[in-house]
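S.K.: Let me give you the structure first, and then I'll get to my questions.
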Amino acid sequence: MRRDIFQAIADPTRRAIIALIAVQAMTPNAIAAHFDTTRQAVSKHLKILTECELVQPRQEGREIYYQLEIAKMKEIDKWLEQFRKIWEDRFSQLDSLLLTLKQQNK
């Protein structure tokens, strides 16, 4: 079953996991050490992230390492880009308004 990427990243724990493994691939135990939760809970989050293809498991001997899937993160970034332009335009308008108000008060 393939899950929706945006539902997956809506959860703060899953976003924190993504931030952790963005730096380096980690085992579930290493990831769980960063949270006040059970190893099983972390495994559930990893399963959801894997189903969304945001992370990819890699077997090394007896250990499984989870690494970030950059292509999927780019998909999220591409979707956000449309909003980034709107935000930048609005901030620019706000800067202009504040500058005008400041000049009027002089």
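S.K.: Return yes or no: is ILE64 surrounded by 10 or more Cβ atoms within 10 Å (Cβ to Cβ) and within 15 Å of the chain's Cα centre (by Cα)?
M.R.: Spelling it out, it is not the case that ILE64 is surrounded by 10 or more Cβ atoms within 10 Å (Cβ to Cβ) and within 15 Å of the chain's Cα centre (by Cα).
S.K.: For region 47-89, enumerate the residues that are within 16 Å of ALA19 (Cβ to Cβ), of a type in the set (Asp, Glu) and without any contact (Cβ under 8 Å) to a residue 12 or more places away in the chain.
M.R.: ASP77
So that you can scan it fast, the table gives a plain yes or no per residue for (1) surrounded by 11 or more Cβ atoms within 10 Å (Cβ to Cβ); (2) in contact with a Pro (Cβ under 6 Å, 6 or more places away or on another chain); (3) among the hydrophobic types (A, V, I, L, M, F, W, C); (4) not in a helix (DSSP H, G or I):
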residue: PRO57; (1), (2), (3), (4): yes, no, no, yes
residue: LYS85; (1), (2), (3), (4): no, no, no, no
residue: PHE91; (1), (2), (3), (4): no, no, yes, no
residue: ASP95; (1), (2), (3), (4): no, no, no, no
residue: LYS102; (1), (2), (3), (4): no, no, no, no
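S.K.: Let me ask another. When residues of region 1-29 are filtered for being part of a loop (DSSP other than H, G, I, E, B) and in contact with a Cys (Cβ under 8 Å, 6 or more places away or on another chain), how many remain?
M.R.: The number of residues fulfilling the criteria is 3.
S.K.: Evaluate the following for ILE76: is it in a helix (DSSP H, G or I), β-branched (Val, Ile, Thr) and surrounded by 10 or more Cβ atoms within 10 Å (Cβ to Cβ)?
M.R.: Yes; evaluated as a whole, the condition is true for this residue.
S.K.: Of the residues that sit in region 28-47 and are surrounded by 19 or more Cβ atoms within 10 Å (Cβ to Cβ) and in contact with a Lys or Arg (Cβ under 7 Å, 6 or more places away or on another chain), which one is nearest to GLU75 (Cα to Cα)?
M.R.: HIS45
S.K.: Please go through region 67-83 and give me each residue that is more than 16 Å from the chain's Cα centre (by Cα) and at pLDDT 90 or above, ordered by number.
M.R.: The one that is more than 16 Å from the chain's Cα centre (by Cα) and at pLDDT 90 or above: PHE83.
S.K.: Quickly run through region 21-40 and pick out the residues that are farther than 12 Å from TYR65 by Cα and touching a strand residue (DSSP E or B) at 6+ places or on another chain (Cβ under 8 Å).
M.R.: Residue satisfying the conditions is ALA22 alone.
S.K.: How many residues, within region 8-20, are over 15 Å from TYR65 (Cα atoms) and touching a residue at least 24 places away in the same chain (Cβ under 8 Å)?
M.R.: The total comes to 5.
The values are calculated or read from the model by the stated rules, or taken from the named source; none is laboratory data. It should be emphasised that the depicted structure is a prediction, and the values quoted were computed from it without experimental measurement. Note that we place each Cβ from the backbone using ideal geometry, even for glycine, and neighbour counts take in every protein chain shown.
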